[in-house]
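The values are calculated or read from the model by the stated rules, or taken from the named source; none is laboratory data. Bear in mind that the values here come from a model prediction, so they are computed numbers and not experimental data. Neighbour counts are summed over all protein chains in view; Cβ atoms, including those assigned to glycine, are modelled from backbone coordinates with ideal geometry.
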Amino acid sequence: MFPIIICGFRAWRHRRRYPHMVSNKRGPQTVRGVYRNCSAVTPLSCIPGLRCFELLVSLHRQFTLAGQDINMPRLSRRVRLLTAVLAGSYLGQAVAAPEPHPLSPADWSAELGIGVEYDSNVSVEEVDATSNEGDYAMTLDAGLGVKKELSKRTEASATYDFSQSIYDKFSQVDRQTHMLGTELGLDLKRADPAISLYYINSRLDGSQFLEMVRVSPSVSGFLAQKWFARGAYVYSDKTLHDRDGRDATTNAGESDLYFFVRGLRQYFNIGYRYRDEDADADQYDYISNSFKIRYVQRIEMFSRLTRLELAWRYEDRDYQSDTPSIGEERDDQRNRLRLDFEVPIYGGAAVQFFAGYADYESNYSPADYDQTLVGTRFIYTW
């Protein structure tokens with residue numbers, strides 16, 4: 001009723017000031033016609049505050065057109081402001097405001113693992129050290145992760161991973177690694193940008209060995225219904241303690257293409273990486289080109305969905321300066337084959353079997369070797 005009273009008051013005041021306008025017989029265009037048109041409207045067919053605002057605008061336009069020779073007063077700013085406020089209040093009551101996107105609670109996950117493996121050639125790849133002897137090792141793994149929506153299109157995650165290998169004979173290469181990571185991603189429908197940050201700290205036989213910081217912006221998205229692509233730039237800064245000249249920074253670009261034959265139950269992945277590593281000592285500077293092919297198949301066995309993965313990786317390293325011990329530049333080619341098979345047991349428990357073979361060819365003898373690795377792990381995730 002309140003907006004209608006305002007409409008009526010405005011119409012009555014204009015009728016008193018300009019009585020010649022009332023005699024106009026143009027129906028809804030007269031003051032009386034417009035007022036009658038407004039008061040006849042029901043709340044279901046018109047929002048009163050908005051209708052009143054339209055009426056005032058209509059009155060002002062009609063008086064301006066019909067009274068060109070009369071000094072017509074403009075609607076005051078206060079009246080216009082009041083009408084707008086009333087219209088807004090009625091709009092807020094008549095049209096329910098959309099509720100904000102409900103953010104899902106933080107999603108926590110964890111994993112524990114224990115296993116045993118046999119390495120035919122115990123080595124430390126980062127420093128080109130090999131033993132040419134085999135040994136057994138027990139492995140321990142733990143991981144903790146959390147994901148949280150920050151908005152409808154933004155998600156953040158954080159992870160912590162721990163791993164420990166304990167050898168039977170080569171205790172000097174017992175390795176313990178801590179890795180902290182965080183990632184921020186955006187969902188932009190066609191392309192999803194993200195940025196990740198990782199800190200890695202690795203120890204050999206209880207002593208400091210490797211520290212690395214890794215930053216990687218990326219973008220990914222579906223190219224078609226079954227084709228998915230991802231591209232990333234990777235910057236890393238690594239420190240190898242007590243290894244003169246091996247501290248290095250790395251700039252790399254990588255791309256991956258996925259073809260989903262049957263969704264996640266069967267798919268292929270091919271990838272390429274270009275890497276430029278700049279070490280403190282020129283003899284360790286190199287540029288590499290890497291390729292990979294992966295095939296993943298989930299197979300139903302005894303009403304459980306197992307996972308089989310086959311992978312091949314190839315890397316060609318071109319060192320940029322002479323290695324003093326051989327008097328020429330190093331040239332390395334590295335081939336790796338890997339098979340993984342995971343069998344769920346119950347709930348979050350599963351058993352993993354894996355086997356790998358590596359063939360490293362190099363004109364630098366400590367980096368020229370082959371290696372076979374086989375093992376099994378029990379994992380539990382929740």
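Determine if the stretch 119-126 includes at least one residue that is farther than 25 Å from TRP382 by Cα, touching a Leu at 6+ places or on another chain (Cβ under 8 Å) and in a loop (DSSP other than H, G, I, E, B).
Here is the first cut: in the stretch 119-126, the residues farther than 25 Å from TRP382 by Cα are 119-126.
Subset that is touching a Leu at 6+ places or on another chain (Cβ under 8 Å): 119-120, 124, 126.
Retained after the next criterion (residues that are in a loop (DSSP other than H, G, I, E, B)): 120.
Looking for residues that are farther than 25 Å from TRP382 by Cα, touching a Leu at 6+ places or on another chain (Cβ under 8 Å) and in a loop (DSSP other than H, G, I, E, B), one finds at least one in the stretch 119-126, hence yes.
Among the listed residues TYR346, TYR380, which satisfies the condition of being surrounded by fewer than 13 Cβ atoms within 10 Å (Cβ to Cβ) and among the hydroxyl-bearing types (Ser, Thr, Tyr)?
After applying the criteria, what remains is TYR346.
Does PHE353 satisfy the criteria of being assigned by TED's automatic domain parsing to the domain that holds ILE270, within 14 Å of ARG377 (Cα to Cα), more than 29 Å from the chain's Cα centre (by Cα) and surrounded by 14 or more Cβ atoms within 10 Å (Cβ to Cβ)? First the steps, then the outcome.
Numbers: assigned by TED's automatic domain parsing to the domain that holds ILE270: yes; within 14 Å of ARG377 (Cα to Cα): yes; more than 29 Å from the chain's Cα centre (by Cα): yes; surrounded by 14 or more Cβ atoms within 10 Å (Cβ to Cβ): yes.
Yes: the conditions hold for PHE353.
Can you find even one residue in the stretch 311-318 that is surrounded by fewer than 13 Cβ atoms within 10 Å (Cβ to Cβ), over 28 Å from the mean Cα position of the chain (by Cα) and assigned to a strand (DSSP E or B)?
no
Across the stretch 148-193, what is the total count of residues that are among the small types (Gly, Ala, Ser) and outside any strand (DSSP E or B)?
2
In the stretch 276-306, what residues are over 15 Å from ARG330 (Cβ atoms) and among the charged types (D, E, K, R)?
Once the filter is applied, which keeps residues that are over 15 Å from ARG330 (Cβ atoms) and among the charged types (D, E, K, R), the stretch 276-306 yields ASP276, ASP278, ASP280, LYS292, ARG294, ARG298, GLU300, ARG304.
Read through the list (1) closer than 26 Å to ASP316 by Cα; (2) over 23 Å from the mean Cα position of the chain (by Cα); (3) not hydroxyl-bearing (Ser, Thr, Tyr), then give the number of the only condition that VAL296 fails.
The one condition VAL296 does not meet is (2).
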